[in-house]
1. Spin-label point model (7 Å from Cα, Cβ direction): what's the Lys359 to Leu395 distance in nm?
2. Sort Phe446, Phe479, Phe232 so the one with the fewest other Cβ atoms within 10 Å of its own Cβ comes first.
3. Kindly provide log₁₀ I(q)/I(0) values, in the same order as q = 0.07, 0.16 Å⁻¹, from the Debye equation applied to equal alpha-carbon scatterers of the range 33-358.
4. Starting from the Cα-Cα distance between Asn56 and Glu476, subtract it from 0.36 nm times their residue separation and give me the gain in nm to one decimal.
5. Taking the Cα atoms only, what angle lies between the long axis of helix 3-22 and the longest principal axis of the chain, rounded to 10 degrees?
6. Would you mind computing Rg(Cα) / (2.2 N^0.38 Å) for the range 287-440, counting N as its residues?
7. Report the Cα-based extents of the range 359-518 along its three principal axes, largest first, to the nearest Å.
8. Could you work out the Rg to Rh ratio of the range 357-413, with Rh taken as the Kirkwood radius (inverse of the mean 1/r over all Cα pairs)?
Amino acid sequence: MKNSTYLTIITFLLFASCIRNSTEPMRPSVIGTPPQNAYTGLVSLDNEEIRHYGPNMYISSMDNGIKWDTVFVPDGKLYGKKDPISGEFIRIYSGNKDSVYAIRSVGGIDGKWTKTLIDTNGAIMIKPMVYIRNGTRAIAGFHTKYRNGCGVYYSDDSGLTWKKSNQVHSPAHKAEGFHKGQRWNHGAVEPSVVELKDGRLWMLIRTAQDNLYESFSENAGESWSTPVPSRFYGTITMPTIQRLKNGSLLLIWCNTTPLPEVKHTGGYWEDVFTNRDALHATISDDDGKTWTGFREIYLNPLRNDSLMATRYGTMGSLDRSVHQSELIEISEDKVLIAFGQHPKFRKILTLDLNWLYEKESFDNFSNGLAHWSYHKYIKGIKGHCAYNRKPGAFLISHPEKPNRKVMLLKAESDSTLLGSYRGALFNFPAGQKGEIQLRIKINKGFEGMLMSLHDRWFNPIDTVAKHYSMFNVKIEEEFLNPDIWYDLKLEWKNANNDKTGYCNLFIDDKMMKKIPIENKSRNGISYIHFSLPLIEDVNEGILIESIITKIE
């Protein structure tokens, strides 16, 4: 170990801490709990009041979510987005059987409401209104109750009458490659629509594939192109894209991939939801050509709960996830986001948009393991959409510094678990060029480790994630001696080029190897995944003292 390198890292950590306490944007902060599934109940009024509606009530804030009051009303369904032409509030929702209704306020959100049957073909999960063509057309995305496509309803008279677009589909997931069975094939669902500056509409769609699919409309939503894979990863989770007042586009989505599908011969789809514990945000200032951020805005704090699947019950469709989202702007550079389903898991948070533009991040475990994914699954699906969990990494006292903590990552035999690998992931701002500095120590009994650089979240225990990574860096026992602290640096360039991309590994400032690129990334690298195999009964693993990332 070189003392100069160690001092440089400590100096950087102290400097970064000072900067963070003075001028840096705040990390996303939870400020409340939605009273129902997030995605449609969030409303912003002209008097700066924010409401989130629920059954026969809403919560209200006049100070951007610092304080919330509960207001009871006869019908909690009467809300919507304000039409800029008429000033009335409009929403479409699914009723009994296959009925679909449009509701419209008369005299404002607290006035009277009209209700009109507009469809009898079973549309569900109908999104909040989007106003295009300078507010002269209202658009609401939907998918069908029968999972045979998605599209939009549109109105040119402030919600008095409605028409419906064609419906588009996504291909079915197949049992092939790493998948021994098919994922739940629900088609193209939960579309999110935004108007581009060239007049086209852009629709991002939840699918059973690894990517969100995208479709475009050249005629303001009346017809849509055949959906194709977008640049954004996301499997069976909802996207939310929105135009901000400053012209930027903001996308809230999971950016996650579930474990490979297990072998099955029928039944339902309870084994698919192993990718709903992380929510991300990215922003574009050039109408979707390039994107910045790809940062985790929320990690489910209950992701390691040993009784996650049984403790909280299913409560109907309220699965234990942090997907499903909607947002409103509360200032020039802040948005308020509601997300999630189950009451114990859904939240309202504020996001400082400046935080998405940061180029550096670090962690020295002063906040524990809050910024890491490290869970493992207990065999046997319990209830709807969940495994019970166990933590796969641990926060322990620093062996030489009593006032500090380190992360212990190890693997040991446990027949109750789904798989023997252990792992941990850390997210940082995405970049095509950048570096990661680590201070680590291997323990006696270390059996090797793989560090993979990714552009999306994979499960910590995923054994096939390495096949999708940009770079895979093997750390073997001959590189490091036990009980000695080392400074590791991964320095990558051209992650979007499968010919010139590479990553260099340095140990204590000494160049050890050059790793070729395995998969190029359009979005840039935003994750490091530590994966420990289990060769014998125990892989005693490593201690991590700190991590610093920087992108260009």
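1. Here the modelled spin labels are 3.1 nm apart.
2. Values: Phe446 20, Phe479 16, Phe232 23.
With the sparsest Cβ surroundings first, the list reads Phe479, Phe446, Phe232.
3. Each listed q maps to, in turn, -0.26, -1.58.
4. Gain on stretching Asn56 to Glu476: 145.2 nm.
5. Approximately 20 degrees, to the nearest 10.
6. That works out to 1.21 for the range 287-440.
7. 47, 39, 31
8. Ratio of gyration radius to Kirkwood radius for the range 357-413: 1.10.
No lab work stands behind these numbers, since they all come straight from the coordinates. Just so it is clear, the model here is predicted, and its values are computed rather than measured. Every residue, glycine as well, gets a Cβ built from its backbone with ideal geometry; the counts of neighbours run over all protein chains shown.
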